[in-house]
Every structure is written in structure tokens, then in C-alpha cells.
Ligand code: SF4
Ligand code: MSK
């Protein structure tokens, strides 16, 4: 029996039914309680969020404070230095963007370093798997590709993309992919990014005590920094991962905790950088290690992904995925996990205690992310098998000595994942004349009302997965095509929306398109860093024509209904700065009825950007998005076409010919 964890205070009872709509997680939470084990769900129930902190109206940027302001006295009171509530909120918002952007761009820079070492022949375990993608990316930023060998192109691409991080003047390379009118707006407002290091440093400096005390000026640098992530660091991470590991194409895959196997050595990799998981695939396929597992009495080695690097491998290779952010502790409660390796981002420190309770071997692998008391086996791509092999060997030992009773929820969901922006092109336009024209045409003729990116985290302050699923249900029912990334993709995959058959849940127009093409009404594009794929899809829609001249003209919107991380705020800001209406759920880190709120929720749109929105209710959120899409359709003069969406035979033939 698992020893009961000592907590300072007994947690308040958790209402499991209202904590999660993921049945596997609910089953494991009930088991955790029986076993006396605490998870983030229990800690959230026991810990009330600080109301001042939640509104981001508390400043502790110097030791004259902390200074707390709130809406009641927001304009009658200032901090000791005189900072107003708008300054304090904007500075706190800016720090979230700087930190969230740093996480993505550091990940991207690591991928670029890996790319350089592969090109130079210093890393032999990886190679360029997708030379066509290499040529396309190089071509998109003006690098000559005709009659040149791959190594030459790759070397030039590396040098050019390094500027994404380091350049101190001028525009980052991927600014060339931005639609001209959107770029004009950026230039007008001075937000075209330089290198991410420069922008993050600049923004962090401004938030220091006694520097930028004009919320509008701060927000300009927030946009510039966030864009250095979306069209910079994150986009590099996505494109280099595709070049090195292959561009995703649709693949059938299984998700949920039922992917664990009682008679096999179960290994979970959880985090964000795909290279560790790529090398794990080699380790678990090694005949010597497989034999070692069999000698220990196992039927084999079962490698599964979790969180975002798991979503990356799910999309790219169809590797099974056992759950999203709020299930990372719960999955250990099965007792079936022999080892879990983690790299960076969204790794709860609480995993250490839960792993100890169930005798699971937990390993940190990245120098940036160590956890007190957890064994560290550093992953070094120059010797890429050392760390994964050690994780497998430890997992086999744990399997051999399993003492824990095992309970694996018997729940698995099959679906189609791996819809890169390139594949959307081929799928809708055909292999020989890939194009976004059929997508644009179906939006113009009203079969598809618009497109919504529903992305982001789980948050134990709301019922896990429920807000994602309710929002998406409502959107597709109203003919809005949904594209997804991150933990949101997993929420909908677990709810069974990733099959072509789920088209019956869509409105008539979207259903017709899905049935004709054979696609689900919800398309998964990969991990949270791959939100950059959504930006490229938006740029392609503008380039294809018929839907306006800038991203701000498109009938599209974004949502992160269960967000929790600073990365999510940075992502939200780069979508807003790119021209997209972006609605967040759970809570919004500002005080209502302030100038800063009006700036984010109204003024930015008037300046030619997108704008922020907030609702904790998925149905209201859906209506806000639909209203916005309809507003854009009206401005484009295509609002009447939805009245003529019923297909006749010639319409259907046109779709099929595409
Ligand atoms: Fe207070 Fe100003 Fe110091 Fe912030 S920077 S803690 S508002 S005195
Ligand atoms: S893992 S950032 S909880 S999407 Fe990318 Fe999920 Fe959000 Fe982490």
C-alpha cells in the first residue's frame, strides 16, 4: 500500500466529477485518493488563488513595495513610486510575454543548434529527413535553391535563421512570409521584430522599476517580442523539426491511458523538445534492449508520449499518447509506468512525489530543468543514445521488480492526427496542385463559415477538457472549421472528435466539405510550439486571395479556453498582433474597467491588429467567436453567401475535382 503523503493541512475534498471530464483521469484521481496521494487537482482545491495576484495588480518590482492596487481604488491610488494600475498591469503582462517568449525561442534556438551540428557532421544520429521542406523554407526567405546541393542550402539556411535570435537591427527572416498589408501595419506601429534575444532583453528592461511607465508603449514592445516568438523562435522550432524529423502527414494513432500495457515495460516521455523522444524511438527498437525486457519477463517495451513532445510524436509518427497536462500525475497512479523522462516546460514538481509513491523511475534530462531529489541523466545529442538507453534500462529494472498493484483505465481513442499546414494544402487542393483555393472558396461560398484555432493548456481551476470540448462542439456545429495544437488537441482526441465520422457533429456546410474530402471537422497541427503552423496557414489564406489583404481581414479567430502558462499569453499576443481576435478562458490577468483592459480588448483592433477577448463560459466564447467571424464576413461582402450553402450536383463535382 502506498504511504500517505504528509501535507501541512489536509486538502479540501476534491469533487472529481467536476474536476475533469477525462474519464481515465477521473478513475485515477479516485484511486489516488484511496492511496492517499495528492495531485495538482487536490492542491488547486486546497489553495484559493490570490485575488490581487490573479488580476495582476500587485507589483513587487522593487523593495519599496510590494504595492497592491485593485479596481475599487484603481484611479485614486498609485504605488510608492507613483506607478498607476495600468502601468503595473502592463508590466506584469509584459513579464509574462517575455518569459513565455523566452521558453519557445530557447526551444527554437536549441533546434537550430542541433541543425547546425547535423549539417557540420558533428551529430550523426540525426539527418535531414525532409529535403523538400528544407528547400521550401529556404526559398520562402529568398535563399537560392536551384541546382544547389542540400548541404549548401542547409548551411545558408542556418546562417540566415540564426538572425531570428541574434540580430540587433532590421527585420527577422520570416517577416518575408507575412502578408504585405499586415507587415505594413507592423511597420507603422514599429513592431516588426529584431532578434528574439534583443526583444526579450528590451522588454524585460522596460519592466524594471522606473523605466517604461506608459502602458501603450509597453504594449508596443509586448507585440514586438511576441511576434519574435510566433514568426521567429517558434516558427524556427517547427520548421527545423520538420526538416530534421519529417513534416507530419495524416496518421492514425491512439490516445488515452489505455495505451499503457500491463505486460510490457511502459515508458513515458513528457515535455516539449522532440529530439529526446526521437532518440527514445531508436532505443526501444534496439534488439538488445528488447531482449533485456523479455528476459525480465515483459512482452516488449511500450513507449508513449505525453503533453507536447508527445503531441509532436503523435503527429509526426503516430506514437501513442497517454494524456495532456492535467493527466501527467494521474497517469503515474496507474502503477504501470516503469519510467518517465521529462525535458522542459509544463513539468510539475509534484511529479516527483507521485512518482515516488508509485515507485516509478522519474528522470530529468535537460540542464534547464532539474527537480530537487530527482535523478538527472543529461541528454546530449552528440551521444544521443546514452540517455534514452539509460532510461530504458532503468525501466526494465523497475518492471522486473514491480510491486505496485496496477490499474490501467480501459480507455483508448483512435483518431487521425498530423495535419501540417502543407498537408492542408495537399488535402484540399490535391497532390498535383496543392492550394488553399478550395478552403478559401468554401469560406467564400459559406459552407465553411470561418476558421478557429482552439489551442492551449489545461488548468485545474476549470473542469479538465470540458471547456475545450464544449467550445469546439459549438463551433463545428456552426460550420467553423477548427484547427488545434497542444493540450487542446488531446482533449478533443480523447473526446473522439479526430475521426472523419465526427463530421456528423458539424453543421451542414462543414459536414459536406469534411465528407467530400474525408477529413475530421477538427484538425490537429501538433504541439503548442506549432501554433506557428496556424500563422502560416493564415498567411496562405491571404495570399490565395478573396478574403482580404491582411490577416486582420480573415474570418478567423483563436481561443485558449483552459490556458495556464506564460507561453499561452505570449502566443495570444502574437496572434493578436498578427490580426487575430483571440479569446481566453479561465481568467484574464488584468483588472476590469481600466484603460489597460480597453486597450487590449478594443483599441488594438482599431489600430489594425486583432484584439483580446475573455469568457470563462465555452458557449459564450463560441458566440463571441462566431459573431466576430460574421463581422469579418460582412466586411468582406461574403455574408450573403451563407444563405446559399446548400450544394447542388455541380457544386459537389467542383469540390470533388479539387
Ligand atoms: Fe511599488 Fe513602484 Fe516598486 Fe512596483 S516599482 S513595488 S509599484 S514602488
Ligand atoms: S504542454 S504550454 S499545458 S498546451 Fe505545451 Fe499543454 Fe499549455 Fe503546456
Dimensionless Rg ratio for the stretch 73-245, taking C-alpha atoms and the 2.2 N^0.38 Å reference: 1.22
Geometric extent, Cα atoms of the stretch 531-621 - Rg, Dmax (angstrom): 13.3, 40
For labels at residue 216 and residue 372 in the simple 7 Å Cα→Cβ model, what's the distance in nm? 4.6 nm
Whole-Å distance, taken between Cα centres, linking the stretch 288-366 and the stretch 563-604: 34 Å
Antiparallel DSSP bridges in the stretch 252-400: what percent, to the nearest 5? 5 percent
Can you give the Rg and Dmax of the stretch 275-351 based on its C-alpha atoms, in angstrom? 13.1, 35
Can you give the relative contact order of the stretch 510-599 as a percent, counting alpha carbon pairs under 8 Å and 6+ residues apart? 20 percent
Between residue 641 and residue 155, what FRET efficiency follows from the Cβ-Cβ distance if R0 is 45 Å, with the result rounded to 0.05? 0.40
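How much length is gained if the chain between residue 166 and residue 282 is pulled fully straight, taking 0.36 nm per residue apart and subtracting their Cα-Cα distance, in nm to one decimal?
38.4 nm
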Taking the chain and dividing mean pair separation by its residue count, relative contact order in percent (alpha carbons under 8 Å, at least six apart): 16 percent
Write down the radius of gyration of the stretch 343-443 and its Dmax, each obtained from C-alpha positions, in Å. 21.5, 60
How are the alpha carbon pair distances in the stretch 420-548 distributed across 5 Å bins from zero to the largest one, expressed in percent? 2, 12, 21, 24, 22, 12, 5, 2, 0, 0
Beta bridges by DSSP in the chain, antiparallel share as percent, to the nearest 5: 15 percent
Sorted peptide list for 158-164, 548-554, 273-279, criterion being average Cβ within 10 angstrom, highest first: 273-279, 548-554, 158-164
Quick one: P(r) of the stretch 67-161 from all Cα-Cα pairs, 5 Å bins, percents rounded to integers, in order of increasing distance. 2, 11, 15, 13, 10, 7, 6, 6, 6, 6, 8, 6, 2, 0
The extension gain from residue 144 to residue 16, computed as 0.36 nm times the residue separation minus the Cα-Cα distance, is 40.3 nm
Enclosed volume per residue, in Å³, of the convex hull spanned by Cα atoms of the stretch 252-400: 94 Å³
Report, in whole Å, the centroid distance computed from the Cα atoms of the stretch 376-399 and the stretch 34-66. 35 Å
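Quick check: convex hull over the Cα atoms of the chain, volume per residue in Å³, rounded to an integer?
151 Å³
Any read-out appearing in this document is the output of simple, stated calculations on the displayed coordinates, not a laboratory observation. Since the model is a prediction, treat every value here as computed from it, not as a measurement. Note that each Cβ is placed from the backbone with ideal geometry, even for glycine, and that neighbours are counted across all protein chains shown.
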